[in-house]
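The values are calculated or read from the model by the stated rules, or taken from the named source; none is laboratory data. On a predicted model such as this, the values are computed, not experimentally measured, just so you know. Glycine gets a Cβ as well: all are built from the backbone with ideal geometry, and neighbour counts include every protein chain shown.
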Amino acid sequence: MRALAPIQMLDAWDGGRDLGRAARALWLIAIGEPEWPKSGLARLTLGQRDALLLELHRLTFGDTLEGSARCPACDRRLDLTLEVASACFGPMPTGPVDPQAPPTVGRVEHDGWQIAFRVPDSTDLQAIEHFPSVDTAREALLRRLLVQVHQAGEPRPLNAVPEPVLAEVAMEMESLDPQIEVVVDVVCADCGHGWGLLLEISEFLASETEAEAQRLLYQVHHLARLYGWQEREILRMSSARRKAYMELAD
């Protein structure tokens, strides 16, 4: 994984702005890992994908995630800071995924049900991106991941699995792919309300990349108009040099 250089930052923003959320996350990884075949990126588990995105953030923007959230109880806006290391729970893949490799499969036995399921990847997220609510998307995703369903040893249809058994499947899925869901404990400084905030690193990194790309575009626009330099010339400069020229131009 490599840090995003200025020209790659613009590539990440330009190539990803019209993509869906799942495809945009893979586009960022493809830029950070240019030698990896793109055909295998979608087969990364969601935990593997997010581990790579956290590493890309660490290399490009530093060890700290800085954001904000609103308290659901009193609506106060809270500034949040999280160390990247504290958000890493699973191993990061060290090489490309074979697109032909079989998926990771887990098994659950609960209340007479025997379930075999696979761990989700980006193709599964793409399939539920346009569902109208989080609850319906979650249930559709879990049912999509079921491989075999039996009750008391007899085969049953996938849609027959009751919600409590699906909940057990979700818990076992997290144990197989612990990076799949990172929840940050937050306490409001005003009212003392505490809640769990889901860290969506793919959206967080996409937002940071867009903000940095907009800053670079402004610098290129300003310096190109004033000095006649080309975009690539300006982006090859160090950040300190571009900043110095911007101060002189102002």
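Summary table
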item	result
Residue under evaluation Leu158, criteria (1) in contact (Cβ under 8 Å) with a residue 24 or more places away in the chain; (2) over 29 Å from Leu197 (Cβ atoms); (3) touching a Leu at 6+ places or on another chain (Cβ under 6 Å), criterion not met	(1)
Unmet criterion (only one of (1) assigned by TED's automatic domain parsing to the domain that holds Ala25; (2) among the hydrophobic types (A, V, I, L, M, F, W, C); (3) closer than 30 Å to Pro93 by Cα; (4) part of a helix (DSSP H, G or I)) for Leu217	(3)
Filter result for Glu212 (in contact (Cβ under 8 Å) with a residue 40 or more places away in the chain, assigned by TED's automatic domain parsing to the domain that holds Trp27, among the acidic types (Asp, Glu) and within 26 Å of Pro120 (Cα to Cα))	no
Lone unmet requirement of (1) assigned to a strand (DSSP E or B); (2) in contact with a helix residue (DSSP H, G or I) (Cβ under 8 Å, 6 or more places away or on another chain); (3) without any contact (Cβ under 8 Å) to a residue 40 or more places away in the chain for Val183	(2)
Those strands (runs of 3 or more DSSP E) lying entirely in region 37-143 with at least 1 residues touching an Asp or Glu at 6+ places or on another chain (Cβ under 8 Å), in contact (Cβ under 8 Å) with a residue 24 or more places away in the chain and not assigned by TED's automatic domain parsing to the domain that holds Gly194	105-110, 113-118
Yes/no for Asp177 being exposed (fewer than 11 other Cβ atoms within 10 Å of the Cβ) and over 30 Å from Glu247 (Cβ atoms)	no
Some residue of region 165-179 being in a strand (DSSP E or B) and over 30 Å from Ile31 (Cα atoms)	no
In region 122-156, the residues that are under 27 Å from Ala30 (Cβ atoms), loosely packed, with under 15 Cβ neighbours inside 10 Å and of a type in the set (Ser, Thr, Tyr)	Thr123
Residue list for region 9-46, restricted to those being among the hydroxyl-bearing types (Ser, Thr, Tyr) and buried (at least 19 other Cβ atoms within 10 Å of the Cβ)	Thr45
Only listed residue being surrounded by fewer than 13 Cβ atoms within 10 Å (Cβ to Cβ), over 22 Å from Leu10 (Cβ atoms) and out of contact with any Pro (no Cβ under 9 Å at 6 or more places or on another chain), chosen from Ala211, Ala189	Ala189
Leu205 vs. criteria crowded, with 17+ Cβ neighbours inside 10 Å, in a helix (DSSP H, G or I) and at pLDDT below 90	no
Subset of region 47-80 that is modelled with pLDDT under 95 and of a type in the set (Ser, Thr, Tyr) - its residue that is surrounded by the most Cβ atoms within 10 Å (Cβ to Cβ)	Thr64
